[in-house]
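One structure is given here, and the rest of the page talks about it.
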Protein chains: 6
Amino acid sequence: MITVSRKAHFNSAHRLYREDWDDAQNLKVFGKCSYPNYHGHNYNLVVSVTGEINPETGFVINLKDLSDIIKQHVEEKLDHKNLNLDVPEFKGLIPTAENIAVVIWNILREKIDKKLLLKIVLYETERNFVEYSGA
Amino acid sequence: MITVSRKAHFNSAHRLYREDWDDAQNLKVFGKCSYPNYHGHNYNLVVSVTGEINPETGFVINLKDLSDIIKQHVEEKLDHKNLNLDVPEFKGLIPTAENIAVVIWNILREKIDKKLLLKIVLYETERNFVEYSGA
Amino acid sequence: MITVSRKAHFNSAHRLYREDWDDAQNLKVFGKCSYPNYHGHNYNLVVSVTGEINPETGFVINLKDLSDIIKQHVEEKLDHKNLNLDVPEFKGLIPTAENIAVVIWNILREKIDKKLLLKIVLYETERNFVEYSGA
Amino acid sequence: MITVSRKAHFNSAHRLYREDWDDAQNLKVFGKCSYPNYHGHNYNLVVSVTGEINPETGFVINLKDLSDIIKQHVEEKLDHKNLNLDVPEFKGLIPTAENIAVVIWNILREKIDKKLLLKIVLYETERNFVEYSGA
Amino acid sequence: MITVSRKAHFNSAHRLYREDWDDAQNLKVFGKCSYPNYHGHNYNLVVSVTGEINPETGFVINLKDLSDIIKQHVEEKLDHKNLNLDVPEFKGLIPTAENIAVVIWNILREKIDKKLLLKIVLYETERNFVEYSGA
Amino acid sequence: MITVSRKAHFNSAHRLYREDWDDAQNLKVFGKCSYPNYHGHNYNLVVSVTGEINPETGFVINLKDLSDIIKQHVEEKLDHKNLNLDVPEFKGLIPTAENIAVVIWNILREKIDKKLLLKIVLYETERNFVEYSGA
């Protein structure tokens, strides 16, 4: 078993807040991230796939294919978008780094061979990041 | 003459578009950056100040002071904000990296001793950045 | 279960040597790190916390709180200090990256909810780093 | 148990192709990596060793020793070489990142105390990397 | 006048040697870079263009256009190629970082509006890089 | 004219203070950097040399030679040292990043061919750096 990883990136706007909380409570919990007109990030995404090396190709997965899957199903959906307004998965789900990571993992899990293990790391900034492997 | 630099960062949302153009023209020129609900970036800012070393302190400028100026006048103004909606300087000015750099340079130029030369580099992403020194 | 990480940093001086060894033996084992007048590093610290996402906030832990804990209990203690002379934990303990990591982990473990798993990575330089999760 | 890591690097040429496939099949699977006259990479290698801290030295392993092992047995063998033509381990083995990682791990496993666990991460580019720990 | 920069990358093989020198002389001057079967690098390229901001778009140059020019005229030509064997510009020209930079600059100078100043930085590794602006 | 650069690094301890000031004044000007028992940094140094390409070698300067000069005259002198106590150049000179840069530049200027221009950038941290070219 060996793990191969591919790095991707997308730039999105978001805001952290709950409609059922008043502004003071949102500010207390979410700080500047609750500001009303959104802010944004350059998200970096590392997708890691674990499996056996195919002896014919020397690949666990062809990184060209993995890169295309990420482009088509993650970047197309999230890049240059407002996560709160434009992405249906975040209707009723606060777009914290944790929740974005779970959404991305669920999307990719559907598209990648079930024999392969899947883990992602999502960097919101260079200083804040999350890691999710579905369990 | 020696140059000292200090790195800072802020996270903002923005959108590139002209109200006097239709959507097709905005999309043609600004691409995904014209999407209606904003996207965002982790901006990295490097502020460089050139002058003589003060022999008493060994400093061109005390970086603690420079850092405070950047925090108070740039980060407070731009961090976790929507540049189009929240920042008066961008009323009628498209918040491209070039224009953001000029706005920041003009703000800092007012606050830093005129005997010191000022240059900034603004990274919109790791791949796109601009440099401005006022001339 | 998902893991969230926060990066911090501190700058310290240290020296690796044993008082019960002579200079030649210290130099043989610790090399330049045993030089008598100390040297130093920009330490980068990544603190990773694993738990369930709180559905109310979308957070495993509020990174603002985690950041404050690191600042108050790690950075205040180690930043701009001489690890050998100023930090009681290193009386009788050689401040190798391994031992610094264990000291930091023990400090943080006391301050972070026991339901959350804790791992740290400590970078002494870009080329040398250690990882510790308490077991 | 604690993990210490050391980063190294080497620059090599390689080509991905199978002699028993025609050019079209090689191009389909390996893309530009199958071009006939080789291309190359700045490989970055992180070697991670896990064990107990030796209380006498504060080290899991002396990183000077680990660095020397990597230099002598990995860098000497691969640096400024053509992996396909110059390195016997790749006769009959396609030098994908996966296979290079396995080759390096097997070399290092022979040279590092069996009581210590061994993992490596090999970066082919900043965007593509593999991780192998022997199982 | 303001400067905008765009980062690109390509992976190539090369070898530094002179046919009119014997192996010993090549090894003395070029070291490991003269090894016969080539080695390679992940080259990073920063292309910087200086001019006035177009008030209609807020751009010095549309970075999408600049990125396309780099892709079509530099990456297509050099990426996954052997610089000595595949790139006509290096017939009779040693592909040192200096010479590669001059070749790239000359290519780009033809394709970018003469009213704009052009500078490039070419990173052969993280530790070695060259800067050229045509004069 | 083209510029080639080489990156190096060294790890040192230092303290910023003036003996003719009391502790309160030192703390006011130098902050934590005045703490009595020293702290330290991983300094990164970029040495840039500008000149014409030698048509015989394709080099402005052989980077192997430049690297050896840096190693012998800068790293040997500063690495794993206490700048205040171990380095004669800082007797009576506060080891700010500015002053360290001037000291390094003066050392290198003596060792590098006078036909070549010399510039250095010294990173004290990722966030603070200075640039000096002798004028």
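Interface size, chains D and A: roughly 1500 Å² of accessible area buried, both sides included, 1.4 Å probe, rounded to the nearest 100.
Ascending distances from the A:D20 label point to its copies in the other chains, with the point 7 Å along the Cα-to-beta-carbon line: 4.9, 6.2, 6.2, 6.8, 8.3 nm. Rounded, prolate or oblate for region F:1-59? Axes are the square roots of the Cα gyration tensor eigenvalues, ordered a ≥ b ≥ c, and the cut-off for rounded is a/c under 1.5. It comes out prolate by the Cα gyration axes. In loop segments of region A:74-135 as defined by DSSP, the trypsin sites (Lys or Arg not before Pro) with at most 13 further C-beta atoms inside 10 Å of their C-beta are A:K91, A:K114, A:K115.
In the assembly of identical copies, A:K71 has its label point, taken 7 Å from Cα in the direction of the beta carbon, separated from the corresponding points by 0.8, 4.2, 4.2, 4.2, 4.3 nm (ascending, one decimal).
Kindly identify chain B as rounded, prolate or oblate by the Cα gyration tensor criterion: order the square roots of the eigenvalues as a ≥ b ≥ c, call it rounded if a/c is under 1.5, otherwise compare a/b with b/c, prolate if a/b is larger, else oblate. Let's see the in-between values first.
Working: a/c = 2.62, a/b = 2.43, b/c = 1.08.
Cα axes put chain B in the prolate bin.
By its C-alpha gyration tensor, with a ≥ b ≥ c as the square roots of the eigenvalues, how is the protein assembly as shown shaped: rounded for a/c under 1.5, else prolate for a/b larger than b/c, else oblate? Rounded is the answer for the protein assembly as shown, as its axis ratio a/c remains below 1.5. For region C:119-130, the Karplus equation 6.51 cos²θ - 1.76 cosθ + 1.60, evaluated at θ = phi - 60°, returns couplings of 9, 10, 10, 10, 9, 7, 9, 5, 9, 10, 8, 10 Hz by residue, with Gly and Pro reported as x.
Scanning chain C for the Cβ atom closest to the axis that brings C onto E yields residue and whole-Å distance C:E126, 5.
Quick check for you: with a 1.4 Å probe and neighbouring chains kept, what is the accessible area per residue of the protein assembly as shown, in Å²? Intermediate values should be presented prior to the final figure.
Working: 34760 Å² over 810 residues.
Per-residue value: 43 Å².
Label-point spacing for A:N37 across the identical copies (point 7 Å from Cα in the Cβ direction), in nm and ascending order: 1.8, 5.0, 5.5, 5.5, 6.1. Relative to the dominant Cα principal axis of chain D, helix D:97-111 is inclined by about 30°.
Expressed as a whole percent, the accessible surface of region B:2-132 that belongs to carbon and sulfur atoms is 49, based on a 1.4 Å probe.
In region C:38-135, what GluC sites (Glu not before Pro) fall in a loop by DSSP, with at most 12 other Cβ atoms inside 10 Å? Taking region C:38-135 and a limit of 12 other Cβ atoms within 10 Å, the loop GluC sites (Glu not before Pro) found are C:E52, C:E56.
The values are calculated or read from the model by the stated rules, or taken from the named source; none is laboratory data. Everything numeric in this text was worked out from a predicted model, so none of it was measured. Glycine also receives a Cβ, built like all others from the backbone with ideal geometry; neighbour counts cover every protein chain displayed. Just so you know, the surface numbers come from the protein's heavy atoms only, side chains and all, with ligands and any DNA or RNA stripped out. Shrake-Rupley method; radii C 1.70, N 1.55, O 1.52, S 1.80 Å.
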